[in-house]
């Protein structure tokens, strides 16, 4: 088959800008290795503007001139958007199926005559949200149940057919690659001293929501309360650092905050790590932090770290709440730096590694072969289904019941809201949330609608 794929994010021969691009490469390579002709159209930029191959059957064509660097790719000249529509349409003239990775292409009429599978790898970025609400594809792939529930509670209210087109495909790991391994080569290149220091990993892009401020707060406690002076925190500088002044300014602001805490000697900023070096990187770590309030749709980092033998501490946000078992992975409520420091100190002082039970769970549930085969099955068997009908019903708080939104959870005597990244301790709200359902009989209609508009409740159709 001839398969055309779309990536709003730039692609590179030997490294990636995030987990979504890693998964795209794995799926595309699998299809190419099965003999299919695969072309990925992606955004170009100054350091990625020439076509290249990941496989003889797999060509990457940096053709789009969406705004770079991220975000707001559609903040570009009008003719660049028209050219993107034209280019995708030209390639689809000879395609058997279209696959859009991480949404991004928000114009469903472009693929109206071609079987189309859309994968949404984010539930935060504006272009991905537009792709979700404008979805008219023949299949929608998402990587977690949290993401399914979130889309069905929003887009699914207006398009009941959506639930019949959704596929949950968890990200998969190549456990021949992601496993405990020697890290001497990488340590030498980064000028690290693993015999002298225990390294805390913060393998995320520069985004407050990814938890860098929380990482600083925990490191402060580890050094100044627990007396752990043999630690160093590794922070990879994002691939855009040399291309965007605001990214460079962001890192400078971090370094200033780190200095204010007296931690300058404890943080090591280094170049972005290539995909091929990530197993070494995770293996050399003593513990990996994922402490932000970023609402992942899956989030590769904890799984990859655990597979390489390095324990993780994650904030109980989004899919991490239910996909990472409490008895196998250390979790904290978002913002609880004290508990995160206590757990980290225990891991560091006892030099813990991934337990056998956790490793077994990973290998049973997140096999790369299962992921790529399932993706291939969905893509290769795509058939045109026609547009989904739009349905509207009047939202009368006096007659409609509401349930707790899938992005909210009762935590002690408060409710944590994933998208707000905050806790609400309103006693009446919490009482209703514990029951999981609310109507106008439980509070005034005005109060109910106020909670609804703040995202705590979603209507039950």
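The values are calculated or read from the model by the stated rules, or taken from the named source; none is laboratory data. Just so it is clear, the model here is predicted, and its values are computed rather than measured. Here the Cβ is made from the backbone with ideal geometry for all residues, glycine too, and neighbour counts use every protein chain on show.
Assorted remarks:
- The stretch 328-366 - residue that is without any contact (Cβ under 8 Å) to a residue 24 or more places away in the chain and in a loop (DSSP other than H, G, I, E, B) and, of those, surrounded by the fewest Cβ atoms within 10 Å (Cβ to Cβ): 350
- Number of the exception - residue 234 against (1) surrounded by fewer than 23 Cβ atoms within 10 Å (Cβ to Cβ); (2) touching a strand residue (DSSP E or B) at 6+ places or on another chain (Cβ under 7 Å); (3) assigned to a loop (DSSP other than H, G, I, E, B): (3)
- Just one of the listed residues (198, 255, 280) is touching a strand residue (DSSP E or B) at 6+ places or on another chain (Cβ under 8 Å), buried (at least 16 other Cβ atoms within 10 Å of the Cβ) and more than 30 Å from residue 167 (Cβ to Cβ), and it is 198.
- Residue check, residue 227 free of Cβ contacts under 8 Å to residues at least 24 places away in the same chain and over 19 Å from the mean Cα position of the chain (by Cα): yes
For (1) modelled with pLDDT of 95 or more; (2) under 26 Å from the mean Cα position of the chain (by Cα); (3) at positive phi, each residue gets a yes or a no:
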| position | (1), (2), (3) |
| --- | --- |
| 396 | no, no, no |
| 418 | yes, yes, no |
| 430 | yes, no, no |
| 438 | no, no, no |
| 441 | no, no, no |
| 453 | yes, yes, no |
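- When residues of the stretch 60-80 are limited to those that are in contact with a strand residue (DSSP E or B) (Cβ under 8 Å, 6 or more places away or on another chain) and in a loop (DSSP other than H, G, I, E, B), the one modelled with the lowest pLDDT: 69
- Any hit, the stretch 415-425, residues being outside the structural domain of residue 303 (by TED's automatic domain parsing), free of Cβ contacts under 8 Å to residues at least 12 places away in the same chain and surrounded by 12 or more Cβ atoms within 10 Å (Cβ to Cβ): yes
- Subset of the stretch 285-300 [at pLDDT 95 or above, in contact with a strand residue (DSSP E or B) (Cβ under 8 Å, 6 or more places away or on another chain) and more than 20 Å from residue 346 (Cβ to Cβ)]: 292, 293
- Filter result for residue 390 (farther than 30 Å from residue 197 by Cβ, in the same structural domain as residue 96 (by TED's automatic domain parsing) and either exposed (fewer than 15 other Cβ atoms within 10 Å of the Cβ) or in contact with a helix residue (DSSP H, G or I) (Cβ under 8 Å, 6 or more places away or on another chain) (or both)): no
- The residues listed here are 1, 5; of these, the one that is touching a residue at least 60 places away in the same chain (Cβ under 8 Å), buried (at least 16 other Cβ atoms within 10 Å of the Cβ) and touching a helix residue (DSSP H, G or I) at 6+ places or on another chain (Cβ under 8 Å) is 5.
- Residue in the stretch 213-226 that is assigned by TED's automatic domain parsing to the domain that holds residue 351, crowded, with 18+ Cβ neighbours inside 10 Å and under 26 Å from residue 68 (Cβ atoms) present: no
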